[in-house]
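What follows draws every value from the coordinates through simple rules; no lab data is involved. Everything numeric here is computed off the predicted structure, so don't read it as measured data. Counting neighbours? That spans all protein chains shown, and the Cβs are built from the backbone with ideal geometry, glycine included.
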Amino acid sequence: MSTSFPALTQAVPPEVHAPEDDPVRVAWADEQFALYGASVSLWQKNLVRVVHRANGERPDLVEATDEGCTHTATVASTGLPTTSLVHRGAVASLGT
């Protein structure tokens, strides 16, 4: 799912040689960790399943489970963008 991160990312990627404590680097790293956490959360809630594990050449390949498709359809019925809702909902659930 990490290949989807650039489409979901709000933070600007840091300069390559930016120091560790650079505010841009910190914001970007925080967001990346939140997105990885959201990915794990989706898997833990059985909304996605791993079809093929990462092999060093590509990341895990995942697909939505039946439950995940039902959840996405329910979210989509609100009229808000599905990716935004799934992203926000998954990231928000990390704090609970």
Practice prompt. Please give the net charge around GLU67, taking every other residue with its beta carbon less than 13 angstrom from that of GLU67, where Lys and Arg add +1 and Asp and Glu add -1.
Written response: 0
Worksheet, complete the sentence: Mean Cβ-within-10 Å packing, highest first, puts peptides 60-71, 34-45, 14-25 in the order 34-45, 60-71, 14-25
Worksheet item: Residues with beta-carbon under 14 Å from that of LYS45, excluding LYS45: net charge, scoring Lys, Arg +1 and Asp, Glu -1?
Response: -1
